[in-house]
Amino acid sequence: MVLPHDEPEQPRRPRKPKGPIEPKPSARAADRSVHLPVPASTAPLRVVNPDAAGIDVHSDMHMVCVPADRDAEPVRRFGGDTADLRAIAAWLKACGLTTVAMESTGVYWIPLFELLESEGLEVKLVEPGQLSRCGARPKTDVLDAQWIQRLHSYGLLRGSFRPPDEVLALRAYWRQRQMLVRSAAGHVQHMQKALEQMNVKLTEVVSCITGVTGMLIIAAILAGERDPVKLARLRDRRCHRREGEIASALEGSWRPEHLFALRQAYDLYQFHHRQIDECDRQVEAELAKLPDRSGEKQRQKATRRRGRKSNDVRFEAKGPLFEALGVDLTAIEGIDAGTALVVLAEVGPDVGRFPTERHFASWLRLCPPQDRSNKTDRRRRGPKGASRLSQALRMAAQALGRTQTPLGVFYRRIRSRLGGVGAVKATAHKLACLIYRMLKHGQEYVVRSMEEYEAKVKANLLRSLERKAKSLGFGLSPLPSE
């Protein structure tokens, strides 16, 4: 008898007869012994690159694999010295190979990549994610090299984007300059800390201590001047604060240990900016070497939108950039000479490697991630990391949000729906598409007025409302004019 709140008794399982216990095979043994039959309808992979090699790159050695029919020892280990790299190139050419795939490991691949390219071999730089997504397998250096060679022979690997050689030197100088700018910014913080420890409130009376007024006052302090009135007289005429306000903020304790820290930070800041000047001269020289793609087009000279900042390039770069790119990217709102230099250094003047503007924006990781299953979109984060060009476009998009331009209105409209992070990404995506169209088709940027943009947004909104009303069985009619 089973009561309402009782559970029925479960039948007992029959006991297994006692006997000798046989050991269970391990997972590896099962993998070695069990072979699933291959369906007859499944066609084998076709070899696309018969003359393909694979290289597993390390810091002190490289594991190279060639097809098994090219050498009695198809997998060889080489060192990382220059003589070893030349030996790799000689062995690959002796085996009759024409294309090589290698994994991008840190910066260790760069010397080997450049040497193999100079020897006439086609080299593909492969991100590690492509190799790990092709199935589980044991992990050794030999097996990695064989796996890269096998996938490359089947044509399953895509090479990463790398600009042409004429742009690589410019990119190296510009990246060095960006590194120096970041280092100089750290020393600005050190100067601010030393001033605050002496209770010198210079940061509260000037907008930036690296401006004209701030640097003159700091230099005078380090030269031995302690009178706040005399220090305040060094203010630039464009400074918004009066001398009395500045003088009251410049009374400090002047402890020697803090003055020592201030002097070192000031000297390091000046040193880094001298290094930045040298990088600017090299960048200007590399821009002069690039071919002129402007043809007969003339650049429209626009008025300066803002004053020159301390980290801007020290030469007039808009003209050489227009000749190197063939279009004037600085005509786009939010794109200055520094951002246009990042475009040229990171991508180059030719964007033909990307079929469409969507491919270009996806490469910059400025597209929302897609994760759809059974007609359901699942929210997830995009891949980590961002290129230097993507960071530059995001900074330009953030600055556009404070301007009275069509792109600024677009930023604020998206921010009202998605927030600041979504608006920055969407505006940077729009900037990337504009840059792609200009470089791909040689189109000039047409500056749109605020009235035209607001009229277009209003027309799009009206069409959307009409579609919604029609789907619900209603119609729209304007209000009678009073």
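All but one of (1) free of Cβ contacts under 8 Å to residues at least 40 places away in the same chain; (2) under 30 Å from Val283 (Cα atoms); (3) part of a helix (DSSP H, G or I) hold for Val229, so report the exception by its number.
(2)
Can you pull out the residues in segment 128-146 that are modelled with pLDDT under 85 and either of a type in the set (A, V, I, L, M) or open to solvent by 70 Å² or more (accessible area, probe 1.4 Å) (or both)?
Listed by number, the residues that qualify are Leu131, Ser132, Arg133, Ala136, Arg137, Pro138, Lys139.
Going through segment 436-448 one residue at a time, which ones are out of contact with any helix residue (DSSP H, G or I) (no Cβ under 8 Å at 6 or more places or on another chain) and either free of Cβ contacts under 8 Å to residues at least 60 places away in the same chain or assigned to a helix (DSSP H, G or I) (or both)?
His441, Val446
Out of Asp267, Asp280, report the one residue that is farther than 19 Å from Val205 by Cβ, in a helix (DSSP H, G or I) and open to solvent by less than 40 Å² (accessible area, probe 1.4 Å).
Asp280
Give me the residue from segment 191-203 that is out of contact with any helix residue (DSSP H, G or I) (no Cβ under 6 Å at 6 or more places or on another chain) and not basic (Lys, Arg) and, out of that set, nearest to Ala247 (Cα to Cα).
So, considering only residues that are out of contact with any helix residue (DSSP H, G or I) (no Cβ under 6 Å at 6 or more places or on another chain) and not basic (Lys, Arg), the one nearest to Ala247 (Cα to Cα) is Val200.
Can you tell me which residues in segment 462-477 are open to solvent by 90 Å² or more (accessible area, probe 1.4 Å), at pLDDT 85 or above and not in a helix (DSSP H, G or I)?
Once the filter is applied, which keeps residues that are open to solvent by 90 Å² or more (accessible area, probe 1.4 Å), at pLDDT 85 or above and not in a helix (DSSP H, G or I), segment 462-477 yields Leu472, Phe474.
List the residue pairs whose Cβ atoms are under 8 Å apart, where the first residue sits in segment 70-90 and is within 19 Å of Asp144 (Cβ to Cβ), the second is among the hydrophobic types (A, V, I, L, M, F, W, C) and open to solvent by 70 Å² or more (accessible area, probe 1.4 Å), and the two are 6 or more positions apart or on different chains.
Going by the 8 Å Cβ cut-off, the qualifying pairs are Pro74/Ala68.
Just checking, how many residues over segment 173-204 are closer than 24 Å to Arg235 by Cβ, free of Cβ contacts under 8 Å to residues at least 40 places away in the same chain and of a type in the set (D, E, K, R)?
Within segment 173-204, residues that are closer than 24 Å to Arg235 by Cβ, free of Cβ contacts under 8 Å to residues at least 40 places away in the same chain and of a type in the set (D, E, K, R) number 1.
Let me spell it out: the conditions are (1) closer than 23 Å to Arg314 by Cα; (2) buried (at least 19 other Cβ atoms within 10 Å of the Cβ), and Val205 meets all of them except one. Which number is the exception?
If we test Val205 against (1) closer than 23 Å to Arg314 by Cα; (2) buried (at least 19 other Cβ atoms within 10 Å of the Cβ), just (1) comes out false.
If you scan segment 352-363, which residues turn out to be in contact with a helix residue (DSSP H, G or I) (Cβ under 7 Å, 6 or more places away or on another chain) and either modelled with pLDDT under 90 or not in a loop (DSSP other than H, G, I, E, B) (or both)?
Matches in segment 352-363: Glu357, Phe360, Ala361.
Which one of these is among the hydrophobic types (A, V, I, L, M, F, W, C), under 24 Å from Val327 (Cβ atoms) and open to solvent by less than 100 Å² (accessible area, probe 1.4 Å): Ala423, Ala396, Ala459?
Going through Ala423, Ala396, Ala459 in turn, the sole match is Ala396.
List the number of the failed condition for Ala247; all other conditions in (1) in contact (Cβ under 8 Å) with a residue 24 or more places away in the chain; (2) open to solvent by less than 40 Å² (accessible area, probe 1.4 Å); (3) of a type in the set (Gly, Ala, Ser) hold.
(1)
Of the residues Val212, Val188, which single one is surrounded by 14 or more Cβ atoms within 10 Å (Cβ to Cβ), in contact with a Phe, Trp or Tyr (Cβ under 9 Å, 6 or more places away or on another chain) and within 30 Å of Glu245 (Cα to Cα)?
Sole residue among the options that is surrounded by 14 or more Cβ atoms within 10 Å (Cβ to Cβ), in contact with a Phe, Trp or Tyr (Cβ under 9 Å, 6 or more places away or on another chain) and within 30 Å of Glu245 (Cα to Cα): Val188.
Can you name the residue in segment 283-299 that is crowded, with 16+ Cβ neighbours inside 10 Å and of a type in the set (A, V, I, L, M) and is also farthest from Leu195 (Cα to Cα) among such residues?
Leu290
Residues Phe260, Phe271: which one is more than 35 Å from the chain's Cα centre (by Cα) and within 24 Å of Val181 (Cα to Cα)?
Only one candidate passes the filter, namely Phe260.
Does segment 395-414 hold any residues that are more than 11 Å from Tyr453 (Cα to Cα) and assigned to a loop (DSSP other than H, G, I, E, B), and which are they?
Residues satisfying the conditions are Gly401, Arg402, Thr403, Gln404.
Which residue out of Tyr411, Tyr453 is open to solvent by less than 40 Å² (accessible area, probe 1.4 Å) and modelled with pLDDT under 85?
Tyr453
How many residues are aromatic (Phe, Trp, Tyr) and part of a loop (DSSP other than H, G, I, E, B) when one looks only at segment 87-118?
Adding up the residues that qualify gives 1.
The values are calculated or read from the model by the stated rules, or taken from the named source; none is laboratory data. Note that this is a predicted model, so its numbers are computed, not measured. Reconstructed Cβ throughout: ideal geometry from the backbone, glycine too, with neighbour counts over all protein chains shown. In case anyone asks, the SASA skips ligands and DNA or RNA and just uses the protein heavy atoms, side chains included. Shrake-Rupley method; radii C 1.70, N 1.55, O 1.52, S 1.80 Å.
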